[in-house]
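Okay, structure first, notes after.
The values are calculated or read from the model by the stated rules, or taken from the named source; none is laboratory data. What you are looking at is a predicted structure, and each value in this text was computed from that prediction instead of being measured. Cβ atoms come from the backbone with ideal geometry, glycine included; neighbour counts cover every protein chain shown.
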Amino acid sequence: MKQTEKTIRESQGRITRRGLMLGGIQLGVMGILTMRMRKMQLEDSENYRMLAEGNSVKFRLIPPTRGLIYERNGLLIAGNEQLYRISITREDVDDLDRVMADLRELIPMTDEQVTDMLAELRKRPRTVPVTVADRVSWQEFSRVAVNAPALSGVTPEVGLSRIYPRHEDFAHILGYVGPVSDYDLSKIENPDPVLMLPGFQLGKLGVEAKLEDELRGKAGQRQVEVNSAGREMRELGRREGTPGENVQLTLDYKLQNFALQRMGDESAACVVIDVTNGDVLACASAPSFDANLFVRGISVNDYKTLTQDDHRPLADKTVQGLYPPGSTYKMVTALAALEAGLVTPDEKIYCRGFTEISGRRFHCWKHAGHGYLNMMQSLEQSCDCYYYELAQRVGIDRMSAMAERLGFGQKPDLPMSAVKDGIAPTRAWKRERYGKDWQVGDSVNASIGQGYVLVSPMQLAIMAARIASGKEITPHIIKSKNGIEVPRPEPAHLNMPDAMLNNVRRGMDAVVNGVHATAAKSKVVKAEWRMAGKTGTSQVRNITAAERARGVIRNDQLPWKRRDHGLFVCYAPVDNPRYAVSVVVEHGMGGSTAAAPIARDVMLFALAGGLPPLDAYPKSQRAQIEERFSKLNLVDPDLAKPSGTSRA
């Protein structure tokens, strides 16, 4: 049918409109694509470049250098040593079994080690490097490094490991570091990624654990290019981490070494505190152990030797050991009675060898009794019956309140592991602990440091320092961090009149220097170093009435673990106290025979700044002292022989 001119014009108009519409749509799409391409090329190019390189660029953490630890004179006591290790990142491994087999051709590995490593690798996330060989030799390290291009995912690394140059001397205070375990990670809410690094070490005990955050530092980061097999080709960038803080302790390495050497084979503890500021100069627990054994992975035999030793070398007896203080507690009882106005220094109390209370006899150590004694004489001769009488007047609550003011029953704020607070018992304490009422006999036992009372050697040293200074001396072992002194607040006054304290001080002076001194054999004859102290012997077994009737068995006839503990606390010089010392010898049988001689030698070493001069000892003892010192393996060769005169 022939179209009319009008129809043709209408058809052409429709085609033109459709064409224009289609063209407009095409232009719109092209515009959108152009804008998108512009955005991708100009604005988002960096993001897409990073995505494109994601398979060839990796970010690796750089472990920080652990902070160093020094003693007060600047001697390094915890440092870092270089070592070589081999690690594997499973994400970059083609065939794990084949890689381990190839690696075994280069470094010696037992079947058991290979099995354990494969299990560890499969247990850990694929992206986490795992150490398969630690502390390898340079030759082994070199062989792996040369063959690294053929070992996918294998990385030979140069790392740092903790080392303790003084071995046993500071083991209990410093503690040690070790590999990060699953248990360690479970205790941390948001673990630092650096803890996942192969061979990374974490503080496990002591200062290393308590100051972990300061000592660890902050990890760095490096950007590396890797090939399709996961092998590193080149380093693209690096940001170094922040090393851990360097820490300086208040401890003196010579004094610490001497105290440990002087205790010898005893199971014992010794603490030395600077009376003027609370600095702990020595904190020795014997026997000790080499902390390096734990850093390097202690063997089963070595660990068994330490744990099965009845002298407990792994326990820090200075803060973890709790002992009945014995007669060293008598100063507490005396001060409580004086403060309450229930006794005067000159009042004499009769000792007939026992005190009978409610039909029960409480015996004095001297069977025949001491007769009439005043306070100074009671301390000098360590009469028990004198304090049985004071206990009945004062009561346990006043005694315990005084004990707490002198540092007992209070946990010292020290960055050490398992620090104990001990027990300064009260009526409420016994009711809560045992559901029983306090008895007069409990107070009587407590008055001479027996019964429920328990203290640590650190607390004994604190007590001696507070009595000597009249101030609330608190112990410190951190001197500085990164060279900046840690502030130590000025100790407050004990709020006890000097006249009251002097009554006890005179008694402690008489313990060492009096006519009837219980520690006369530990006298210091050098006048300017005159020493005051108090002996203590604490029972670890109950003596029955039947045994008393037939004769008390002597300590040296008992098995070692059933013998009494020997204790001694002291300070010197008497006129201007500088140091306070406490010594506890487990099962040492007597404070005057076991603990006091050690305490005197340690005190004199502190005063002399080195091996004590022989003229500080009574003439009759000098040959014996010289022979004793000659057998010590001291830290410095120039301390091997004592001089005849003072080195002060």
Tell me which of these ASN495 doesn't satisfy, since it passes every other one: (1) more than 22 Å from CYS270 (Cβ to Cβ); (2) surrounded by 15 or more Cβ atoms within 10 Å (Cβ to Cβ).
-> (2)
Just for the range 315-349: of the residues that are surrounded by fewer than 20 Cβ atoms within 10 Å (Cβ to Cβ) and of a type in the set (Asp, Glu), which one is nearest to SER285 (Cα to Cα)?
-> GLU339
Test SER161 against the stated conditions and say whether it is in contact with a helix residue (DSSP H, G or I) (Cβ under 7 Å, 6 or more places away or on another chain) and under 30 Å from GLY206 (Cα atoms).
-> yes
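Condition check ((1) part of a strand (DSSP E or B); (2) modelled with pLDDT under 95) across all residues:
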{"position": "ILE462", "(1), (2)": "no, no"}
{"position": "ILE473", "(1), (2)": "no, no"}
{"position": "PRO489", "(1), (2)": "no, yes"}
{"position": "VAL504", "(1), (2)": "no, no"}
{"position": "ALA510", "(1), (2)": "no, no"}
{"position": "THR537", "(1), (2)": "yes, yes"}
{"position": "ARG541", "(1), (2)": "no, yes"}
{"position": "ALA549", "(1), (2)": "no, yes"}
How many residues, within the range 375-408, are within 30 Å of ALA315 (Cβ to Cβ) and touching a helix residue (DSSP H, G or I) at 6+ places or on another chain (Cβ under 6 Å)?
-> 8
What number of residues in the range 244-283 are part of a strand (DSSP E or B), of a type outside the set (D, E, K, R) and more than 20 Å from LEU211 (Cα to Cα)?
-> 6
Inside the range 476-509, can you point out the residues that are of a type in the set (Gly, Ala, Ser) and under 30 Å from THR65 (Cα atoms)?
-> SER480, GLY483
Restricting attention to the range 475-487, and to residues there that are β-branched (Val, Ile, Thr) and not in a loop (DSSP other than H, G, I, E, B), which single residue is modelled with the highest pLDDT?
-> ILE478
Number of the condition not met by TYR323 [criteria: (1) at positive phi; (2) at pLDDT 95 or above] = (1)
What is the one condition in (1) over 22 Å from ASN633 (Cβ atoms); (2) at pLDDT below 95; (3) of a type outside the set (Asp, Glu); (4) outside any loop (DSSP other than H, G, I, E, B) that LEU293 does not satisfy?
-> (1)
Search the range 196-215 for residues being touching a helix residue (DSSP H, G or I) at 6+ places or on another chain (Cβ under 9 Å) and part of a helix (DSSP H, G or I), and hand back the single one that is farthest from LEU414 (Cα to Cα).
-> MET196
Report those helices (runs of 4 or more DSSP H) wholly inside the range 352-419 carrying at least 2 residues which are of a type in the set (Lys, Arg).
-> 396-405
Do the conditions hold for VAL511, that is, is it touching a Ser or Thr at 6+ places or on another chain (Cβ under 9 Å), aliphatic (A, V, I, L, M) and without any contact (Cβ under 8 Å) to a residue 60 or more places away in the chain?
-> no
For the range 288-302, enumerate the residues that are of a type in the set (Ser, Thr, Tyr) and either under 21 Å from PRO165 (Cβ atoms) or not assigned by TED's automatic domain parsing to the domain that holds GLN261 (or both).
-> SER288
Only one of SER417, SER469 that is in contact with a His (Cβ under 9 Å, 6 or more places away or on another chain) and not hydrophobic (A, V, I, L, M, F, W, C) | SER417
Residue by residue through the range 434-460, note down the ones that are in a loop (DSSP other than H, G, I, E, B) and either among the polar types (S, T, N, Q) or closer than 24 Å to GLN248 by Cα (or both).
-> GLN439, GLN450, SER456
Check ASP92, ASP102 and return the single one that is of a type in the set (D, E, K, R) and surrounded by fewer than 17 Cβ atoms within 10 Å (Cβ to Cβ).
-> ASP102
Strands (runs of 3 or more DSSP E) contained in the range 82-181 and holding at least 2 residues more than 30 Å from GLU208 (Cα to Cα) and assigned by TED's automatic domain parsing to the domain that holds PHE294 | none
When you scan the range 444-493, how many residues do you find that are under 22 Å from LEU390 (Cα atoms) and hydrophobic (A, V, I, L, M, F, W, C)?
-> 10
Residues that are of a type outside the set (A, V, I, L, M), outside any loop (DSSP other than H, G, I, E, B) and closer than 19 Å to PRO64 by Cα, drawn from the range 185-195 | PRO193
